Amino acid sequence: MTLPPGPEGHPADPSGTSAGAAGSAEGATGTAGTAGAAAQVLRRVFGYESFRSGQREIIEHVVDGGDALVLMPTGGGKSLCYQIPALVRPGTGIVVSPLIALMQDQVDALRALGVRAGFLNSSQDLDQRRTVEAAFLAGELDLLYLAPERLRVEATLRLLDRGRISLFAIDEAHCVAQWGHDFRPDYLMLSMLHERWPSVPRVALTATATPETHKEITTRLGLADAYHHVADFDRPNIQYRIVPKKEPKAQLLHLLRTEHPGDAGIVYCLSRASVEKIAEFLAGQGIPALPYHAGLDNRVRAENQARFLREDGIVMVATIAFGMGIDKPDVRFVAHLDLPKSVEGYYQETGRAGRDGLRSTAWLAYGLQDVVQQRRLIDASPGDAAHRRRLGTHLDAMLALCETVECRRVGLLAYFGQRGTAACGNCDTCLEPPQSWDGTVAAQKLLSAVLRLDRERHQRFGAGHVIDILLGRSTPKVTQHRHETLTVFGVGEDLRELDWRGVVRQLLAQGLLAVQGEHGTLALTEASADVLRGTRTVALRREPERVARSSARAGGDAASAGAGRARRTASVDLPAQAAPVFEKLRAWRGATAKEQGVPAYVIFHDATLREIATQLPTSLADLATISGVGENKLAKYGEQLLDVLAGSAEPPEPD
Ligand code: ADP
Ligand code: ZN
């Protein structure tokens, strides 16, 4: 069965039991009615006063039966773009999402709002699945979450045929793009949704949106005629910092101790082994850190994820297997100890910080070894030459971001096609502008050393050995190969080892030098010749004198900026009287969440508790005006909240 779409399909739900039914109770048709119904659901169900930028247009378009492609950064408010239309339109909204492990939480969060939601995935037993299927067929679900692989099963398609579908939401839509970093073959067949149910509107959503990925989603899902919304991709509350990697563990510890004590955050590492090592190290330092990677037992992994979501202040040390769809709003920092493979990946991973709009840090430590390692991984990667070229392009863009002397945010946004933005004042290069220097002569010295070693083709010499030669060090390896006799021996004594490593790293980043083979042998590129001939100059970024881990000092060292302002925990920026109330509310929320076995933010977000703590509502009517307090939560928690407030408030002094 297919559905008649369009405005004529909005009868008021006579049962009146659904949160959405209330929204469509005006029984309106036409655009004015659509707008009214959507705004009413926003207020009644979600407790929000107004739409965020872009939401209204998307929602009205989908409510009216149109397709939409939504590119919005994490935290932008994508979920409402399909949840509200699903509540306003008759039938069940089908949400395709790859995030099986999070479906329970997503459904819990919706149920807490009074929305009738369910999911079908492989974690359920037959009985559980049957119950959900029956609810769907009986028209008792507003939203049904499905993993994409479910749609490969003919039985699922037949089930969908027998129910009434209000829309398809395709979450994490970038997974359909092979260009991107998260390709999932199961997503390719989602083009079939439109063929099988041509009149059901589809809304595809993603937080990753280079122009290339945008184009690929459009063609693969057949969304050329859809309403496209490309949001402003800036995340102004995130401070971007990329620092040279010296002693990564100590640098990380310093960041956590001085700027994020007690905060929840994510630390990304490339390998499972380093995840384990870093998690252990942090735990040994008294920081509540947990590991997460694909090699862990399923149960342990699920448990660690649940603790991260449910408890306050957990640091998750993880491979990039962790994090997609994690909508914990109060992640205060994302730290990378290894270089991400692409700007898209970097942006998506760092985007998990600060969904609640409060100040957050994205911190990346990166060094020469990262470049060598990533290049090696690309050389060794399976797939054809085109695939390796694509990986190389991604890496080059990431390296350019690392080595830029310009505002990081400007670079990031330009990568996502957003040009002409001004320097942000909230990234390391803005806070402490790096100096550049003319590295042409240094580059020539280094390249000619590589050229000379290249003549001994059977040998393998990495960056360390080349630098030893330039610095005139008679190491055993230098002596063994009689490299003291090279004309370049000792010609680089004017620079420190640190600087030379910077030169190598930046030449690699600029494509003026290459690494080969599993030993990371340095080799010349076509472009190297221009430098050696003197027809091309090389501008380099100066290596910072100071190590980020030494403590804050005058002059605002960007690497340790924030150390002075320190603690950005959730209660900062609150007026003095409000802070203890906020803590009380948090304690109440913690206990309530525990009792119900759901994450704390499912009860209320920090932002809502902050507003309550500052406004100090004294009646249910007052409470209802707070953003994030909808009808259902008001009925459920209103009295309890007023009790908590009454218990903590000093009676006002009449004068
Ligand atoms: P995304 O899926 O784009 O990452 P979410 O849909 O999770 O973002 O929304 C991010 C946060 O913003 C959530 O806490 C959500 O409840 C809140 N939010 C979304 N839309 C609005 C709005 N119109 N008014 C207030 N808060 C909103
Ligand atoms: Zn900046």
Nearest 20 debye, what's the magnitude of the dipole of the chain about its Cα centre given +1 on Lys and Arg Cβ and -1 on Asp and Glu Cβ? 1720 debye
Positive end of the dipole of the chain, charges at C-beta (+1 Lys, Arg; -1 Asp, Glu), about the Cα centre: which of Met103, Ala289, Leu395 has its Cα farthest in that direction? Leu395
Phe489, Phe136, ranked by accessible area, largest first (probe 1.4 Å): Phe489, Phe136
Kindly report, to the nearest 10 Å², the accessible surface of Glu140 as traced by a 1.4 Å probe over protein heavy atoms only. 100 Å²
Where the centroid of each part is defined by its Cα atoms, how far is region 256-290 from region 108-140 in Å? 36 Å
Filter on Lys584/Lys636; Lys328/Lys633; Lys445/Lys477; Lys246/Lys341 - keep pairs with C-alpha separation over 22 Å: none
From largest to smallest, what semi-axes in whole angstrom does the chain give when each is the square root of 5 times an eigenvalue of its alpha carbon gyration tensor? 50, 30, 21
Given charges of +1 on the Cβ of Lys and Arg and -1 on the Cβ of Asp and Glu, with all other atoms neutral, how large is the dipole of region 196-274 about its Cα centre, in debye to the nearest 20? 360 debye
With n ≥ 4 as the cut-off for DSSP H runs, can you work out [θ] at 222 nm for the chain, using -39500 (n - 2.57) per run divided by the number of residues, rounded to the nearest 500? -13000 deg cm²/dmol
Tell me whether region 289-382 comes out rounded, prolate or oblate; compute the Cα gyration tensor, take square roots of the eigenvalues as a ≥ b ≥ c, and use a/c under 1.5 as the rounded threshold. oblate
Quick one: of the DSSP bridges fully inside region 238-431, what percent are antiparallel, nearest 5? 0 percent
Using DSSP, restrict attention to beta bridges with both residues in the chain and report what percent are antiparallel, rounded to the nearest 5. 10 percent
Please work out the average accessible area per residue across region 18-230, using the 1.4 Å probe convention, and give it in Å². 35 Å²
Calculated P(r) tail over 23 Å for region 238-431, as whole % of Cα pairs: 43 percent
Given the protein chains as shown and a 1.4 Å probe, how many square angstrom of Leu413 are accessible, to the nearest 10? 10 Å²
Order the following by accessible area, largest value first: Asp396, Asp330. Probe radius 1.4 Å; ligands, DNA and RNA are ignored. Asp396, Asp330
If the only charges are +1 at each Lys and Arg Cβ and -1 at each Asp and Glu Cβ, what is the size of the charge dipole of region 573-648 around the Cα centre, to the nearest 20 debye? 180 debye
Based only on Cα atoms, what mean projected area does the convex hull of region 150-269 have, in nm²? 11.2 nm²
For the charge dipole of region 238-431, defined by +1 on Lys and Arg C-beta atoms and -1 on Asp and Glu C-beta atoms about the Cα centroid, which residue among Phe322, Val275, Ile378 has the Cα displaced farthest towards the positive pole? Ile378
Would you mind computing the Rg to Rh ratio of region 573-648 from its alpha-carbon coordinates, Kirkwood style for Rh? 0.92
Using the C-alpha atoms of region 436-541, what convex hull volume per residue, in cubic angstrom, is computed? 95 Å³
Round to a whole angstrom and tell me the spacing of the C-alpha centers of region 314-391 and region 469-536. 29 Å
Roughly how much of Cys269 is accessible, in Å² to the nearest 10, using a 1.4 Å probe? 10 Å²
Cα-projected label distance for Lys246 with Arg482, points at 7 Å along beta-carbon direction, nm: 4.0 nm
Taking the Cα atoms only, what angle lies between the long axis of helix 211-220 and the longest principal axis of the chain, rounded to 10 degrees? 50 degrees
Accessible surface, 1.4 Å probe, highest first, among residues His387, His229: His387, His229
Across the Cα atoms of region 37-159, what radius of gyration and what greatest pairwise Cα-Cα distance (Dmax) are found, in Å? 14.7, 42
Taking N as the number of residues in region 18-230, what is its alpha-carbon radius of gyration divided by 2.2 N^0.38 Å? 0.95
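The values are calculated or read from the model by the stated rules, or taken from the named source; none is laboratory data. Note that the structure is a prediction, hence the values are computed from the model and not measured. Here Cβ is always computed from backbone atoms with ideal geometry, including for glycine, and neighbour counts include all displayed protein chains. Each accessible area value is taken on the protein alone, full model and side chains, heavy atoms only, with ligands, DNA and RNA left out. Shrake-Rupley method; radii C 1.70, N 1.55, O 1.52, S 1.80 Å.
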